[in-house]
Amino acid sequence: MSTLLTGIAELVTNDPAWGDGHADPGDRLLGIIRDAALVVADGVVEWVGPAATAPDADDHRSLAGRAVIPGFVDSHTHLVFAGDRSAEFAARMTGTPYDGGGIAVSVAATRAATDDELRSLVAARVAEMRAQGTTTVEIKSGYGLTVVDELRCLRIAREFTPHTTFLGAHVVPPEYADRRADYVDLVTGPMLDALLADGLEASPAAYVDVFCEPHSAHAFDGDESRTILEAARARGLRLRVHGNQLGHGPGVQLACELEAASVDHCTHLTDDDVEALVAARGTTVATLLPGVEFSTRSPYPDARRLLDAGVAVALATDCNPGTCYSSSIPFAIALAVREMGMTPAEALYASTATSGRSLGLDGRVAVGGPAELAVIDGPSHLHLSYRAGVPLVSALEP
């Protein structure tokens, strides 16, 4: 059954064909149609354009002057976890620096939780995201750090999204603290073997990630990260990288060299790092996670520097129990505009089109594409950052 959606004050399509003729660069970037309409049927866009030329449909629904945008694509999350680390957040607010050590607390709680407990927690977090306009989510493992626990976390994540990432190389677990090389061997051997036990197409993980951070005693240095990433790539798995979060390091360069789909954080960058990201913009997206800087009292990435250089920039939440327990893309957008030099249009594009690209998705609202849309309770996308903290946006339900 087809439904005609009218009363759309502003429709963001992310389609450059609709951007032609706009004087405003933000309107051009977002491919905005004003006084727009959509026809959707069975979860697919059947028609898009000005309301004055809209066709008939089986049903009609007015959005009463609201704006419609592509649903947010949250391309970096850690949703499969149990336990609470609010005390760690409070400590950071009084000056305790973040070094990755608290991840072990979440590992212990997650290992102790049952499958049903984890499944219920993930379901609640995904619903919370959808209520804030997120229609697509990537979910990483990384709080199991054993073969069995990493697999079960990935299988639970796969119940909610096809965009799953194996992060066995999150940190070195406490039982391997004095045997780091043995843990790298576990990740590159038995863990990857288990992921591919039923073949590449049946793997519970679409990507392999590593926390490449020499400034943390718990994460992985450049050589360890290279070993893990090259082992995954040799087996046909696609790559993502946590890089350059706590200080300057090899993560960005390694991600670009190995053609990772995304390198995430990018907080501390040299000119060479930026040049590498520019050269790799056809393959590697720089995903910025401003909620982390907010939650750790750290310097924000310089998005303006990256955009002006020509880097492909995405935004995501990094929703996790330690460094950013926020599921809100609108919050990330507001921070990006206020603290990182992005325009409202650039921040919206980064959290829909570019974040989608890092997952191999087409972020446009176009005929034949999925009707994964969100509605803003306001006439323009500008309200996402203009009215920061107000629950204005939610996924468009059928």
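Leaving ligands, DNA and RNA out of it, report the carbon-plus-sulfur percent of the accessible area of the range 74-122 at a 1.4 Å probe.
60 percent
Of the DSSP beta bridges with both residues in the chain, give the percent that are antiparallel, rounding to the nearest 5.
45 percent
With each run of n ≥ 4 DSSP H residues scored as -39500 (n - 2.57), what mean residue ellipticity at 222 nm is computed for the chain after dividing by its residue count and rounding to the nearest 500 deg cm²/dmol?
-9000 deg cm²/dmol
At a Förster distance of 51 Å, what's the computed FRET efficiency of ASP116 paired with ARG28, Cβ-Cβ distance as r, to 0.05?
Efficiency computed from Cβ-Cβ geometry: 0.55.
Treating the angle as unsigned and between 0 and 90°, give the value, to the nearest 10°, between the Cα long axis of helix 329-339 and the longest Cα principal axis of the chain.
The angle comes out at about 90 degrees.
What does the charge count around ALA353 come to, taking other residues whose C-beta lies under 10 Å from its C-beta (Lys +1, Arg +1, Asp -1, Glu -1)?
0
Give the carbon-plus-sulfur fraction of the accessible surface of the range 195-318 in %, rounded to a whole number; probe 1.4 Å, heavy atoms of protein chains only.
Solvent-exposed carbon and sulfur of the range 195-318 make up 47 percent of the total.
Looking at the range 279-322, which trypsin sites (Lys or Arg not before Pro) are DSSP coil and have at most 12 other C-beta atoms within 10 Å of their C-beta?
Those that pass, being in a loop and sparsely packed, number zero.
When the chain is fully extended, how far beyond the present Cα-Cα distance does ALA87 get from SER62, taking 0.36 nm per residue of separation?
Net length gain for the segment: 4.4 nm.
Please give the charge dipole size of the chain, origin at the Cα centre, charges +1 on K and R Cβ atoms and -1 on D and E Cβ atoms. Round to the nearest 20 debye.
The calculation lands at about 500 debye.
Considering only the other residues whose Cβ falls under 9 Å of the Cβ of LYS140, what net charge follows from Lys and Arg at +1 and Asp and Glu at -1?
Counting the neighbours of LYS140, the net charge comes to -1.
With the Cα gyration tensor of the range 91-211 in hand, convert its eigenvalues to equivalent ellipsoid semi-axes via √(5λ) and list them largest first in whole Å.
For the range 91-211, the ellipsoid semi-axes come out as 23, 22, 13 Å.
Size of the chain along its principal axes in angstrom, Cα-based, largest extent first?
69, 44, 42
How large is the accessible surface per residue of the chain, computed with a 1.4 Å probe and reported in Å² as a whole number?
Accessible surface, normalised per residue, equals 38 Å².
Quote to one decimal, in nm, the extra length available between ARG235 and ARG387 on full extension: 0.36 nm per residue of separation minus the C-alpha distance between them.
Going from the current span to full extension adds 50.1 nm.
Would you tell me the accessible area of HIS76, worked out with a 1.4 angstrom probe on the heavy atoms of the protein chains, in Å² to the nearest 10?
Here the residue's solvent-accessible area equals roughly 0 Å².
Quick check on the range 1-119: of the DSSP beta bridges with both residues there, what percent are antiparallel, nearest 5%?
The answer is about 65 percent antiparallel.
The values are calculated or read from the model by the stated rules, or taken from the named source; none is laboratory data. All of these numbers come straight from a predicted model, not from anything done at the bench. In this analysis, Cβ positions are derived from the backbone assuming ideal geometry, glycine residues included, and neighbour counts consider all displayed protein chains. Surface areas here come from the heavy atoms of the whole protein model, side chains and all, with no ligands, DNA or RNA. Shrake-Rupley method; radii C 1.70, N 1.55, O 1.52, S 1.80 Å.
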